[in-house]
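A short worksheet on the structure shown next.
Computed from the coordinates by the stated procedures, all read-outs in this text should not be read as laboratory data. Keep in mind it's a predicted model, so treat the numbers as computed, not measured. Because the Cβ atoms are built from the backbone with ideal geometry, glycine has one as well, and the counts that use them run over all protein chains shown.
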């Protein structure tokens, strides 16, 4: 009866243990050193090597549901870009993008960067025609920015009137539309380098593009944000590093549970074979 | 390699006549793609014709074959069948394939007087499914089983949709949960809720990120192209069955190209990869 | 096939063929076909977006029906309607998509009153609730992994070992235990995983191709 009770309660026991291994490290503020992976370092190094005054486009292609994974990445990358002498344009292929862009800009230290001169938020891209068209003329497809300011009055747009001069586009992609649009219309046609910030689930699907050199790097989930914090030497700016201990503990727990489950399964199978004999 | 062809149709003579010419060029980097597409399409059609003439047998997909049994089980238990065509737009191939499957499921449910509940995340898909399900029940003479609650629009937001579907599954307790189409992260939540409440679960998507979750939670999963060929398995139409063979011809071409390219590249010859970049 | 169905079929085939042609051949004169296709797509987007109203009407009809008829859980339907229309109104007044960003019609005082409410509803409620439902995935993945990763056969044993190695390798703590874990994870992701994904992607792409061509040639469902 006990084994049946445990079997029926298995999911609840799993959930309880998982809840504990996540909550305790978060509440205790335990911090773990995070080794930097190659996919993250490639993105960082690419940005570091960009000449001064280069144009970088950040595309916020995620919604509120994937904020835990992609928002920390957006914060650290934007902070990195704002510490370098670069120009930044903010776009979004998802409707939540503009609001999340504002949230990121509110949470970083902008230093001496000025809106309109060093960066601008253009807002939501409604269709592929806009994505393609802005490579030749931004002002035609974005006559105003998110604050209804005419884009032809913005210095950064005067300096870069066409997106084809972009030195890097980095899309924080939770799904579609996302990376494929930039690969198809910007990278394949105009050779604009593309990088992607992805969720853990989507990352395996982007690996073929990384391995073939079509994208310069991948930021995988919150872990990449923690790694990036280490690279830019601003631990905790996005809240990712403190979460790594919880993430590690949950991974270890899953491994232990799977091993335990298999040991129990093999023991049951052996018992039933012996009973059959 | 770019090719420009200028075809002058009417040479200009005076102010009254303007020269009319067509300027077109073959898109850079897509010529090999176009050639390959034509070869693959030809192979698909040829294979389909041969299969249709020779009435070839296909291997069958066990889950598809059990679909009718599961619907009959729902009828015996007087429990509904639950269907979600995913969170994709009506223009995505996965959603279209799901709608093709819904057509069959709606007809069977209507014939067996089983209540069908459909949950949608896209308002355009909602219109199509509403029409489809209502027509199915009307044609089967079971119009009284259809109500405005049968086909619902939940939400366009991914996790609001997931939460709504999970709630529906827990309240309606269907005998069969079918979720095929374009899914993102919400798939696992729907699958887990369905696993607790439904007796049988049938899933399918071509999104490789979500396939592992489908495999772990469903009694049967349509993987990738099986989703697009499912309709062929469900009908007795020889044309539909023969169309199952077509993509296999395309796959053979792809395999041969990959093998040839890999072999040549191993010996330092970049012929195939250069050709594919044309 | 009726005349209407035939006409629809011809239209579908023509448009499909047109889009395929425009992708491979750039015609710039006498008319820029790429611009035409972009414009057609813009019209399609407008038509599809207009159907958004259908969704709102459907939700309102069902849930208002629940409230009016005092059906089970009608209070949740009331909450849904209040939240839906409340958020819609607040977003139209004060959000990045506000209808009057220059305050021509809507007074600035109203915008400054609604703005903190919108920000609270969006950042503190919507983001948190969405993240909560997303977080359920962690628990479901754990229970699905516990259930699915069983060494029932040779293939499932290989899957089990590979899966465990990737899970361990993904954990930041893995490199502190043994640096080889991340190398193994990288190898599994770069080779077997990529190979499997490419196979499925190629198969699915060919399936989409055949399916789409069939749809272009024979529109009516089920035939």
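Taken as Cα centroids, the stretch A:30-87 and the stretch C:147-163 sit 36 Å apart, rounded to the nearest whole angstrom.
Cβ crowding within 10 Å, taken as a proxy for footprinting-reagent exposure, orders B:195, A:268 from fewest neighbours to most as A:268, B:195.
Largest GNM mean-square fluctuation across A:203, A:195, A:163, computed for chain A with C-alpha springs under 10 Å, falls on A:203.
Can you figure out the FRET efficiency of residue A:117 with residue A:41, using R₀ = 25 Å and their beta-carbon distance, to the nearest 0.05?
After rounding to 0.05, the efficiency reads 0.25.
Evaluated at q = 0.09, 0.10, 0.12, 0.15 Å⁻¹, a Debye calculation over the C-alpha positions of chain C (equal weights, vacuum) places log10 I(q)/I(0) at -0.89, -1.05, -1.18, -1.10.
Restricting the calculation to Cα atoms, the stretch C:149-217 yields a radius of gyration followed by a Dmax of 17.6, 59 Å. On full extension, the segment bounded by residue C:162 and residue C:50 gains 35.6 nm, given 0.36 nm per residue less the C-alpha separation. Once the Cα-Cα distance is subtracted from the 0.36 nm per residue extended length, the residue A:180 to residue A:275 segment shows a gain of 28.6 nm.
Counting Cβ atoms of other protein chains within 10 Å of each Cβ in B:156-165 and taking the mean gives 5. Please work out the C-alpha center-to-center distance from the stretch A:184-254 to the stretch B:167-184 and express it in whole Å. Each part's Cα centre sits 32 Å from the other's.
By the count of other C-beta atoms within 10 Å, a proxy for reagent exposure, A:274, A:48, A:176 are ordered fewest to most as A:274, A:48, A:176.
With R₀ fixed at 35 Å, the C-beta to C-beta distance from residue C:102 to residue A:232 puts the FRET efficiency at about 0.40. Using the rule -39500 (n - 2.57) for each DSSP H run of four or more residues, divided by the residues of chain A, the 222 nm mean residue ellipticity is -16500 deg cm²/dmol. Mind pulling the angle between the C-alpha long axis of helix A:221-232 and the longest principal axis of chain A? Nearest 10 degrees, somewhere in 0 to 90. Helix A:221-232 and the main axis of chain A meet at about 60 degrees. Compared with the dominant Cα axis of chain B, that is its longest principal axis, helix B:123-139 is turned about 60°.
Working from the Cα coordinates of the stretch C:53-148, the gyration tensor eigenvalues give, after taking √(5λ), semi-axes of 32, 22, 11 Å in decreasing order.
Its alpha carbons considered, chain B gives a radius of gyration followed by a Dmax of 24.2, 83 Å. For the stretch C:87-135, the relative contact order works out to 36 percent when only alpha carbon pairs closer than 8 Å and six or more residues apart are counted. Using the Cβ-Cβ distance between residue C:14 and residue C:129 with R0 set to 41 Å, the FRET efficiency from 1/(1 + (r/R0)^6) comes to roughly 0.35. With neighbours defined as other Cβ atoms within 10 Å of a residue's Cβ, the residues A:12, B:79, B:108 order from fewest to most as A:12, B:79, B:108. Per residue of peptide A:199-206, the mean number of Cβ atoms on other chains within 10 Å of the residue Cβ is 6.
Hey, could you grab the Kirkwood Rh for the protein assembly as shown? Inverse mean 1/r over distinct alpha carbon pairs, Å, one decimal. Mind showing how you got there, number by number?
Numbers: mean 1/r = 0.0349 Å⁻¹.
Averaging 1/r across every pair of different Cα atoms and inverting gives 28.7 Å.
Here each label is just a point 7 Å from Cα along the line to Cβ, and for residue A:165 and residue A:264 those points are 6.4 nm apart. Rounded to the nearest 10 degrees, the angle from helix A:67-82 to the longest Cα principal axis of chain A is 40 degrees.
Shielding of peptide C:187-198 by partners, expressed as the average count of other chain Cβ atoms within 10 Å per residue Cβ, is 4.
Simple spin-label estimate for residue B:269 and residue C:4 gives 5.9 nm between the two label positions (7 Å along the Cα-to-Cβ direction from each Cα).
In this simple spin-label model, placing a label point 7 Å from the Cα along the Cα-to-Cβ direction at both residue B:25 and residue A:15 gives a separation of 6.1 nm. Rounded, prolate or oblate: which fits the stretch A:205-261 when a ≥ b ≥ c are the square roots of the eigenvalues of the alpha-carbon gyration tensor, with rounded for a/c under 1.5 and prolate only if a/b beats b/c? Oblate shape, in that a/c is at least 1.5 and b/c is the bigger or equal ratio. Its residues counted as N, the stretch A:38-238 yields a C-alpha radius of gyration over 2.2 N^0.38 Å of 0.92. Contact order, relative form, for the stretch C:72-172: 15 percent (alpha carbon pairs under 8 Å, 6 or more residues apart, mean separation divided by residue count).
Would you work out if the stretch C:1-50 is rounded, prolate or oblate? Take a ≥ b ≥ c from the square roots of the eigenvalues of the alpha-carbon gyration tensor; rounded if a/c is under 1.5, else prolate when a/b is larger than b/c, oblate otherwise. Verdict is oblate for the stretch C:1-50.
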